[in-house]
Each structure stands twice: as C-alpha cells, then as structure tokens.
Amino acid sequence: MKKISARARAIEMSGIRKFFQAANPDSINMALGQPDFVTPDHIRDAAIQAVRDGNTGYTFNAGLPELREALSEKFKNENHLSYSPDQIIVTAGAGEALFIAIQSLVDDGDRVLLTDPGFVSYEACIRLAGGRPDFVSLKDDLHINEEMLYEKMDGARLLILNSPNNPTGAVESRETIRSITEAAMDAGVTILSDEVYEHIIYDAVHASAATFGEDVITVNAASKTYAMTGWRLGFIAGPPEYMEQCLKVHQYCQTCATSISQYAGVAAYTGDQSCVKMMRDEYRARRDILVFGLHDLGIEFPVPQGAFYAFVPLGREKMQEVMDAGVIVVPGDAFGPSGAEYARFSYATSRENINAAIERMRPVFEV
Ligand SMILES: Cc1ncc(COP(=O)(O)O)c(C=O)c1O
C-alpha cells in the first residue's frame, strides 16, 4: 500500500479530461476547451528565431524583461491598469499563475469564494493550499448571484472571478465587476481575477476588477488570445507584496516559463494584433451558428457573450442521447454540482462541425 498525502487525495482528476479519452473517432468533439487555430505565423517565427539564436537557457525567474515590459504596456493600453514590469511574473500558463497565487495567499482553513459551476482548477488549487472552497451559485441567466456572494463575503480570504466565463460564456458587466470589487474591498477580501478570455468577447465589454480596487491580482495568458495553449505562457500581476511571495513559489516549482515561449510572447504582445480580431470574428460566427441551431431545435438558453462555450440546460437524459448521436460535450457537473443538468458545448471547432452536430442532434429533439 503506497502512502498518498491527504492533499493529493483531496482532489480528483479533471472531469473534462475523462471525456477526451471517451470520444470515438466518428464523434464530433465539442468538448475541447482550446482554440482550434494554429498559433499565428509571426509568433511561431519568433520562437524559431529564439531557438536559432540559442536563447535556450533559463531566463530571469520573473520572465524576460522585454516581455514584462510588453505586458506592462498591454495592461496600460488594454486594461487601463498601471502595473510596472516588476509587478508582473511570467508563468507556465494561467494554470501556474492561479496555483502560485492561491499558494501564496491561502492558509489552512481559509475560506475562498468561487462560483459553482466554475473553471475546474480553482477548487483543486484551493484544496491543495489547505483552503476551504465556498461556492456561490449562478442565477438562471448564468450570471453570478450577487446577493449570495455578498452574504458570504464577511471573513472570506479570497474571491475568484472569471469573466468572460468558462464554462458559461457569461460576461459580467462593468457595473457588476465594479460592485463586486467594491464590496470585496470593503469586506477585506482579495480578488483573484482570471481574465484569460478577455479578447474572446462579442456584444459586451471586458472590465478588469483591478481598475476598481487595490487588493486585486490579475491572471491572464497568451493561451486563448493567441491560440497558444501548448506553449504554456501566462502571467500574473498585482500588488508588490503579493508578487514577492508569488515569485518565491514560482521559483521553486517552475524556475521560469519556457524561454522559447517567452520570445514568442514578445512577438505576440508587441506584434500585429489583427490575428486576435480574426479569431474573435470567427468565434462569433460559430457562436451564432450554434445558438441559432440549438434555438431552432427548441432549446432555450442565454446567448453566451464571450469565451467559446455555450452552457446549455439539456437535462441528463437528452445529454446522453446527444452523446449517443455522436456529439461529444462536457457534462456540466464537471464544473461543479450545480451544472448537472447542463452540457458545455465548445464552439472552438469548424463551422462544418457545428452544422453537422446540429443535424446529428435534430432527431433527439424533434418530436
Ligand atoms: C478560465 C480559465 N482559466 C485558466 C485556464 C488555464 O489556462 P492556461 O492554458 O493558460 O494554463 C483555462 C483553460 O482552459 C480557463 O478556461
């Protein structure tokens, strides 16, 4: 019998991964949570050049100075935030950024507020740090239940926000982000704001929590914005007191983000941004096809405003029939118990696949 730590036993394998393994080759896979685009050419070229130039060693722990400079500019221009380069740490994806932030801020028994459903890593990171996840439900329109959030705020250590949201595609308005941030600041609750989908947003506007309060840490990544999930390139920014601690955790678990990815990141953040718009426009067209198709099948649900997901209340029986018809979705309970009646459709797949999926589902819903 091998001895396993209580921390590792307290977490489960991600419910999403199980589904990739289950998909058969004829299925249309609408479960994937990553862009189906290849990273734009100029970014790949910069990585190739970095290899040719021999930039293959460790970088500074916090990341390449020119990348942190570029990220500081990005924050200023896109988010109206003034983070100096030394308030920014380059990480191995947003995943590592979330991990080091939670390790640095959460003590044993600390209560951390997060939504149910929500992105799968949050709960696991909280438990690994010894914290106690405290879930806040979503309303029927898939937006955060502010009343419930405010009731739970007193005495909580941390609140994790994620807009645009995975798995719902919901985008919280500027007013909501402002109210939540102000309430958190009044209650002494730090906010960890996961903004990885900030550029995949359609009929709404992105708001960064850090524009409304001081005690906020912002997490972001090149992963979704530039179709760079495999490069493992993210970053974290926040008050210097927090970044000092995050840097220690980062040093000992990661040393630095991959040097080659960081050079690619410089090209991504300083180069031509038209690729971001091109991908966003394509996601929008796909969202419209999916939403129109599902509405046409008689399935009602709020139109997602961001990310590349639709969170659809199919019910468990119909969800199984959809899967049996050869359309792979992620059951909503992978994101928390409140998602049990929902299916997450990812439309990070071709228009042909989305149209074909609707046709496969038609017999399931036509009476
Ligand atoms: C909301 C959210 N945060 C963080 C991540 C992790 O991103 P990365 O691939 O940069 O680690 C994901 C990936 O799916 C996500 O959906």
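A short reminder: the numbers here are calculations on the coordinates, not readings from a lab. Note that the coordinates shown come from a computational prediction; the quantities given were computed from them, not determined experimentally. Note that we place each Cβ from the backbone using ideal geometry, even for glycine, and neighbour counts take in every protein chain shown.
Rounded to whole numbers, the Karplus 3J(HN,Hα) couplings from phi for the stretch 28-35 are 8, 8, 10, 9, 6, x, 8, x Hz, using 6.51 cos²θ - 1.76 cosθ + 1.60 with θ = phi - 60°, and x at Gly and Pro. Of all lysines in the structure, the ones whose alpha carbon falls short of 29 Å from that of Lys2, not counting any fewer than 8 places away in one chain, are Lys18. Three principal axis extents describe the C-alpha atoms of the stretch 274-351; from largest down they are 42, 27, 22 Å.
Pairs to check: Lys74/Lys139; Lys76/Lys224; Lys74/Lys277; Lys76/Lys248; Lys139/Lys277. Give those whose C-alpha atoms are more than 22 Å from each other in this structure.
Numbers: Lys74/Lys139 33 Å; Lys76/Lys224 20 Å; Lys74/Lys277 16 Å; Lys76/Lys248 26 Å; Lys139/Lys277 31 Å.
Listed pairs above 22 Å: Lys74/Lys139; Lys76/Lys248; Lys139/Lys277.
Using 0.36 nm per residue of separation minus the Cα-Cα distance, give me the extension gain between Ser82 and Glu300 in nm, one decimal.
Numbers: separation 218, 0.36 × 218 = 78.48 nm, distance 4.14 nm.
Computed gain between Ser82 and Glu300 is 74.3 nm.
Principal axis extents of the C-alpha atoms in the stretch 129-175 (largest first, rounded to whole Å): 29, 23, 20.
Among the chymotrypsin sites (Phe, Trp or Tyr not before Pro) in the stretch 14-105, those placed in a DSSP loop whose Cβ has at most 15 other Cβ atoms within 10 Å are Phe37, Tyr58, Phe60. In a fully extended conformation the segment linking Thr176 and Arg7 would gain 57.4 nm over its present Cα-Cα distance, using 0.36 nm per residue. Between Thr270 and Glu341, the modelled labels are 5.3 nm apart [label points 7 Å from Cα along Cα→Cβ]. Mean silhouette area of the stretch 72-150, derived from the convex hull of its C-alpha atoms and averaged over all directions, reads 6.8 nm². Where only DSSP H runs of four or more residues are counted, the chain gives -13500 deg cm²/dmol as its mean residue ellipticity at 222 nm, each run worth -39500 (n - 2.57).
Sorted on the mean count of surrounding Cβ atoms within 10 Å across their residues, most packed first, peptides 235-241, 216-222 read 216-222, 235-241.
Phi-derived couplings, Karplus 6.51 cos²θ - 1.76 cosθ + 1.60 at θ = phi - 60°, listed residue by residue for the stretch 191-196: 10, 10, 9, 8, 10, 5 Hz, with x used for Gly and Pro. Extending 7 Å from the Cα toward the beta-carbon at both Ala356 and Val38 defines two label points whose distance is 2.0 nm.
Remark: spin-label model distance Glu241-Asn24 equals 5.8 nm, labels positioned 7 Å along the Cα→Cβ axis. In terms of Cα atoms, the Rg and Dmax of the stretch 145-208 work out to 11.8, 36 Å. Can you grab the distance from the C-alpha centre of the stretch 269-320 to the C-alpha centre of the stretch 150-214, Å, no decimals? After rounding, the separation between the Cα centres reads 21 Å. For the chain, a Gaussian network of Cα nodes joined below 10 Å ranks Phe292, Phe335, Phe308 by mean-square fluctuation, and the top entry is Phe292.
Based on a Kirkwood Rh over C-alpha pairs, give the Stokes-Einstein translational diffusion coefficient of the stretch 90-247 at 20 °C and viscosity 1.002 mPa s in µm²/s. For these conditions, the coefficient is 139 µm²/s. Whole-percent P(r), the chain, all Cα pairs, 20 Å bins from 0: 29, 58, 12, 0.
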